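To start, the structure under review is shown below, and the notes come after it.
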Amino acid sequence: MTREEYADLLLPGVTHNTDYYEKLYPERELPEEAIVTRYAPSPTGFIHIGALYSAFISNKMANQTGGVFFLRIEDTDQKRSVDDGVNKIIEDLEKFNIKFDEGVTKDGDKGKYGPYTQSSRKEIYWAYAKKLIIEDKAYPCFCTEEECTHDKELQEKYKERIGYYGRWAKCRKLNMEDVIKKVNNGEKYIIRLKSTGDFNKRFKFKDCIKGKSELPENDMDIPIIKSDGLPTYHFAHAVDDHLMHTTHIIRGDEWFSSIPIHTELFVKLGFKVPKYAHISPLMIDDNGSKRKLSKRKDKEAAISFYHEQGIPNEAVMLYLETVANSNFEIWLEQNKDKDPNEFKLDFKKMSTGGTLFDYNKLINISKNYISKLKASDVYDLALNHANIYDKDFANLLIKYKDYSTKVFNIEREQKKPRKDISCFSDIKNQMWYMYDELFNPESYEWQNVNDKNEIELILNTYFNEYYNVNDDKDNWFKHMQECAEKLGYAGNMKDYKENPNNYKGSITDISMVIRVALTSKSMTPDLYDIICLLGTDRIKERIKKALQF
RNA sequence: GGCCUGUUGGUGAAGCGGUUUAACACACAUGCCUUUCACGCAUGCACACACGGGUUCAAAUCCCGUACAGGCUACCA
């Protein structure tokens with residue numbers, strides 16, 4: 001039996017050889033500096049913030065170098081795949097403005113290097129696995145799960161490294177006749193790499209983010225084709241990224257120790273080794289110790305969390321970009337007029353240790369971002385959020401669209417806008433008193449002036465004698481001052497501070513009484529704007545309500 | 001257990017052998033401004049280079065050890 005026939009026995013039914021695929025997927029015609037990279041998730045339907053982070057970096061790296069960013073679905077683990085997982089991933093990433101040049105889309109594959117779903121590429125993996133068998137760089141393994149666990153226990157007992165290597169790689173010693181016999185007997189097998197590495201030798205390489213590094217060479221005969229016929233991640237990575245001509249493998253830090261395995265695979269397959277960039281994970285503080293954000297324990301791990309909070313997607317991205325390259329913030333500060341997209345991300349500036357996820361910082365970025373939006377955009381986003389998470393409030397927003405937009409516009413479209421909305425789930429708590437339907441105060445936050453009679457006197461005097469619907473802001477304030485003086489309060493703070501004893505209080509006290517009467521709150525946006533927005537009738541009602549309280 | 005990687009103030013981080021009495025941002029505090037809050041401005045705080053040894057005229061920066069943290073060690077990705 002020739003080696004070709006032997007390989008065919010082990011992996012039957014392969015119609016094309018590797019030369020065919022090499023020709024089918026020619027080199028990409030791109031400038032030298034162009035980065036070709038990919039986002040390669042398992043379709044579990046859940047996007048981890050860390051995955052979004054890595055997708056963002058990959059996307060931006062490809063874009064800024066005129067390269068290609070594609071989506072490949074890694075569904076070689078059938079147990080974990082979820083039915084609608086792929087569409088969910090595409091939709092979610094779109095929301096964060098991450099778009100693919102190529103790969104899996106909602107309407108099938110786009111691009112010349114497909115198929116982009118690993119479960120559809122079985123033939124291709126088999127062709128390359130066959131090549132390795134023919135060249136005696138891979139072999140079938142008949143070991144059962146029980147045998148492997150048994151060996152593992154022995155290895156633990158003897159304090160030897162755990163794994164399938166060296167003298168523990170039993171099936172490696174099988175000759176062709178043994179194998180043929182076993183196959184004909186119907187024994188199940190997998191295909192393993194025949195490693196020629198030496199654990200005691202150092203493998204030196206360079207990671208784009210971590211820099212010069214070294215690890216022991218790989219000597220494990222790792223599985224490349226599983227018993228279900230699908231490839232393992234390692235093998236699929238090598239074959240796919242070679243054929244798709246990925247230049248940079250940008251992925252999570254947890255893959256770092258696999259570099260020797262991957263490099264050995266590339267070399268044995270006769271492929272050019274790509275560049276690697278391992279991104280350090282996002283961590284969270286767990287009772288004083290750092291740990292990776294976990295999708296089971298941490299609500300912040302799921303990107304849906306930010307949606308619920310009503311943190312704008314753009315703000316999340318700005319935060320992630322700050323985490324990726326901390327000089328981004330400084331750049332933004334210095335280039336306020338420029339498009340943030342002009343900022344160039346740099347691998348070398350990415351942190352090598354785990355970064356603590358800083359919710360405060362995110363909120364701050366979000367607050368700044370929202371402060372720069374137009375009132376109508378705030379309205380749209382707030383409505384979107386309320387539509388999903390607070391139907392009643394959404395109805396109010398719809399009912400009072402223009403009015404709500406004006407409310408959001410208080411102290412907004414100006415050089416130094418108000419910054420008090422950090423996320424859309426906050427809005428109702430901040431603005432409820434502007435809606436009659438919600439205006440049922442549990443208490444009134446009277447400050448210095450809390451005597452009922454005095455309050456009544458101030459309110460009546462102001463609204464009967466000094467309030468004028470047509471006042472502009474300057475006149476309004478002038479009238480406020482006159483009113484204060486008439487009632488024995490200082491009209492301006494300077495006078496009051498010089499001779500506090502000459503007055504009952506100051507203009508601040510008058511303003512405060514009016515503010516609290518109208519809103520029940522002592523801290524609100526600009527009083528003049530509130531008065532204008534409420535209008536005479538509602539003001540009267542609210543005064544009545546306050547005095548009756 | 002083995003193999004890697006990392007450790008700068010409350011947080012993120014700049015720095016990569018001398019220009020560092022260690023940037024900047026967030027958080028926090030105080031003051032100014034001001035009809036409240038927010039904004040803005042100013043100031044402060046945080047007593048920051050994990051620890052111990054080296055190398056050097058000189059170390060946060062280079063080397064070694066220890067501690068701690070994280071990752072990998074699947075027919076999962």
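General observations
- Here the dipole of the range A:375-438 is about 240 debye; that uses its Cα centre as origin and unit charges on the Cβ of Lys and Arg (positive) and Asp and Glu (negative).
- Footprinting exposure proxy for A:Ser443, A:Ser280 (fewest neighbouring C-beta atoms within 10 Å first): A:Ser443, A:Ser280
- Assigned charges on the beta-carbon of Lys, Arg, Asp, Glu; chain A dipole about Cα centre (debye): 1120 debye
- Legend: residue pairs A:Lys157/A:Lys348; A:Lys473/A:Lys504; A:Lys295/A:Lys367; A:Lys204/A:Lys290; A:Lys23/A:Lys79, Cα-Cα distance threshold 31 Å; pairs beyond threshold, A:Lys157/A:Lys348; A:Lys23/A:Lys79.
- Which of A:Val267, A:Val239, A:Val179 has the fewest Cβ neighbours within 10 Å, and the rest in rising order: A:Val267, A:Val179, A:Val239
- Of A:Lys60/A:Lys419; A:Lys137/A:Lys188; A:Lys415/A:Lys497; A:Lys95/A:Lys428, those spanning more than 27 Å from alpha-carbon to alpha-carbon: A:Lys60/A:Lys419; A:Lys415/A:Lys497
- Between 0 and 90 degrees, the angle of helix A:359-371 with respect to the longest Cα principal axis of chain A falls at about 60 degrees.
- Put simply, the amide H of A:Val36, placed in the peptide plane, has neighbours under 5 Å in A:Val68, A:Thr247, A:His248, leaving out anything fewer than 5 places away on its chain.
- In this structure, the residue pairs whose Cα-Cα separation is over 20 Å, taken from A:Lys182/A:Lys226; A:Lys391/A:Lys545; A:Lys122/A:Lys170; A:Lys122/A:Lys206, are A:Lys391/A:Lys545; A:Lys122/A:Lys170; A:Lys122/A:Lys206.
- Most positive-pole-ward Cα, A:Gly252, A:Phe96, A:Gln155, against dipole of chain A from beta carbon charges: A:Gln155
- Positive-end extreme of charge dipole, chain A - chosen from A:Ser376, A:Leu397, A:Tyr113 (charges on Cβ): A:Tyr113
- Counting neighbouring Cβ atoms within 10 Å and putting the fewest first, the residues A:Ile410, A:Ile458, A:Ile90 line up as A:Ile90, A:Ile410, A:Ile458.
- Separation of the range A:1-65 from the range A:406-428 is 46 Å, based on Cα centroids.
- Inter-centroid distance (Cα atoms) of the range A:105-147 relative to the range A:233-260, Å: 14 Å
- Loop-resident chymotrypsin sites (Phe, Trp or Tyr not before Pro) (DSSP state other than H, G, I, E or B) in the range A:204-312 with no more than 12 further Cβ atoms inside 10 Å of their Cβ are absent.
- Gyration tensor (Cα) of the range A:122-279, equivalent ellipsoid semi-axes in angstrom: 27, 20, 13
- DSSP beta bridges in chain A [antiparallel fraction, %, rounded to 5]: 55 percent
- Estimated Rh, chain A: Kirkwood, alpha-carbon pairs, angstrom: 28.6 Å
Each reported figure results from applying straightforward, stated rules to the coordinates on display, with no laboratory input. Keep in mind that what you see is a predicted model, and the values were worked out from it rather than measured. So basically every Cβ, Gly included, is an ideal-geometry build from the backbone, and we count neighbours across all protein chains shown.
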